[in-house]
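Derivation of every value follows stated rules applied to the coordinates shown; laboratory data play no part. From a predicted model like this one, the values you see are computed outputs, not experimental measurements. Here the Cβ is made from the backbone with ideal geometry for all residues, glycine too, and neighbour counts use every protein chain on show.
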Amino acid sequence: AQSVTQPDIHITVSEGASLELRCNYSYGATPYLFWYVQSPGQGLQLLLKYFSGDTLVQGIKGFEAEFKRSQSSFNLRKPSVHWSDAAEYFCAVVSGGTASKLTFGTGTRLQVTL
Amino acid sequence: DAGITQSPRHKVTETGTPVTLRCHQTENHRYMYWYRQDPGHGLRLIHYSYGVKDTDKGEVSDGYSVSRSKTEDFLLTLESATSSQTSVYFCAIKGGEGQETQYFGPGTRLLVL
């Protein structure tokens, strides 16, 4: 069965600093991978996705992620964090089949200090 | 905005009472999903639907049932609510044939006393 691990429960960075959120997945075939962001009290917003092709994918709000098959990783990065980026971030993988069921990691809460 | 609404947005109920949550979409998507979100668990799939009257179980389906009598509505029912079902419930749709991306509704916060 597929699984997703986000090893960092909580990360604090200063505004303007760079950010990297880690995501490791376990899946036998080529995965479909996603990053979602959730602001407090809100639903989930899609940041970016990887299906195939270029392993560096660009998303909204200045985020990017790099798929590394050899490391089973899909880490999320941003070169300069803004205070409004404070939120919870979820990595997810789609299982096989037409139902496209998502398996989520447990999330990383990002705090941004001014 | 994927045209997804959920109702109610907040609900407080008592143990043993039935509860129905509604997910409504406006864009005629075939696939719809119900997830629950709990601290330390991320989101977990409860049930999903792949068409009218076509549903299947997810990872945490015990204690829940679903129905889909119209394309636009997907109902989640807790037949007899328990405190362990206190959670935030999210509905999602899959964006079109051949697409794998899911888009989420705003969520329903349920408290079972």
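Data overview
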item: Test: residue in the stretch B:17-24 that is closer than 25 Å to A:R109 by Cβ, among the polar types (S, T, N, Q) and touching a Ser or Thr at 6+ places or on another chain (Cβ under 8 Å); result: no
item: Hits in the stretch B:75-108 - residues which are over 14 Å from B:L45 (Cα atoms), without any contact (Cβ under 8 Å) to a residue 60 or more places away in the chain and more than 9 Å from chain A (Cβ to nearest Cβ); result: B:L75, B:T77, B:S84, B:T86, B:G98
item: Enumeration of residues in the stretch B:32-84 that are crowded, with 22+ Cβ neighbours inside 10 Å and aromatic (F, W, Y); result: B:Y33, B:W34, B:Y35, B:Y48, B:F74
item: Per-region count, the stretch B:17-57, residues among the acidic types (D, E) and closer than 17 Å to B:Q99 by Cα; result: 1
item: Residue count, the stretch B:29-60 (criterion: closer than 17 Å to A:Q6 by Cβ and assigned to a strand (DSSP E or B)); result: 6
item: Filter result for the condition that a residue is more than 25 Å from B:D38 (Cβ to Cβ) and touching a helix residue (DSSP H, G or I) at 6+ places or on another chain (Cβ under 7 Å), over A:K78, A:K68; result: A:K78
item: Single residue of B:G63, B:G58, B:G51, B:G40 found to be among the small types (G, A, S), within 21 Å of A:T98 (Cα to Cα) and free of Cβ contacts under 8 Å to residues at least 24 places away in the same chain; result: B:G51
item: Strands (runs of 3 or more DSSP E) contained in the stretch A:1-110 and holding at least 3 residues buried (at least 17 other Cβ atoms within 10 Å of the Cβ) and within 14 Å of another protein chain (Cβ to nearest Cβ); result: A:32-38, A:44-50, A:87-94, A:102-104
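Conditions tested, residue by residue: (1) without any contact (Cβ under 8 Å) to a residue 12 or more places away in the chain; (2) of a type in the set (S, T, Y).
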{"position": "A:L47", "(1), (2)": "no, no"}
{"position": "A:S52", "(1), (2)": "no, yes"}
{"position": "A:G62", "(1), (2)": "no, no"}
{"position": "A:E66", "(1), (2)": "yes, no"}
{"position": "A:F90", "(1), (2)": "no, no"}
